[in-house]
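The structure appears right after this line, and notes come after that.
Just so you know, all these numbers are worked out from the coordinates, no wet-lab data involved. Source: prediction; values computed, not measured. Positions of Cβ are generated from backbone atoms using ideal geometry, with glycine treated the same way; all protein chains shown enter the neighbour counts.
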Amino acid sequence: SYALHNTFHKLTKIDPRCFLELKDKYKINIKESGMENHTIVGIHIRGGDILGKDGQGGREIHTPSYYKKAINYLLDNTQNKINGKDYLFIVCTDDPNFAKETIEYLKQNNLNYSLGPNFGTHRFIQDFSILCYSDILINSSSTFCLAAVFIGKSDKKVIHSKVWMDRVIRGDFSNKEYLSYRKG
């Protein structure tokens with residue numbers, strides 16, 4: 001945990017970008033991809049990996065309401081632009097089921113979005129690269145996404161779920177939020 005979580009910087013005072021980076025062949029080329037005229041908002045949606053045999057039952061899945069609130073926060077505070085560049089929301093996930101409502105919300109609000117190049121697959125490196133080099137990252141409760149915070153663009157803004165963080169601090173590792181969402 002020292003390599004990825006908050007204790008790392010406290011102990012070392014070294015920015016992980018000094019020694020952790022993607023190989024050039026994996027880095028997203030913003031100019032070649034046509035994204036250079038946008039503020040890139042990477043959205044990571046965690047899904048089925050946390051429903052597996054380990055019995056966690058969805059406890060670390062953020063519901064669509066979290067993603068909608070994060071998107072609204074950006075829109076309410078920045079007019080859908082930063083430094084004159086329109087947002088491009090890029091949805092990255094290996095589980096399209098959990099992304100449906102967020103994608104529908106982006107569509108309903110006529111927001112510029114695309115799906116990560118590995119959307120719905122278990123190939124991850126291009127999506128990971130997008131998350132690493134996003135201007136803004138709407139984070140999930142995933143070490144995958146947390147690692148993207150520490151690698152790549154150093155001045156990215158990160159949005160994380162306060163509800164989730166408060167639950168973790170309280171020691172509440174239940175799946176009540178997810179189960180309520182699934183019943184609704």
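Below is a table of values for the structure above.
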read-out	value
Chain lengthening between Val163 and Arg17 when straightened (0.36 nm per residue, less Cα-Cα)	49.7 nm
Fully extended contour minus Cα-Cα distance, from Asp76 to Ser154, at 0.36 nm per residue	25.7 nm
Label point distance in nm, Lys68-Glu36, each placed 7 Å from Cα along Cα→Cβ	3.8 nm
Most to least packed among 158-168, 18-28, 133-143 [average Cβ atoms within 10 Å]	133-143, 158-168, 18-28
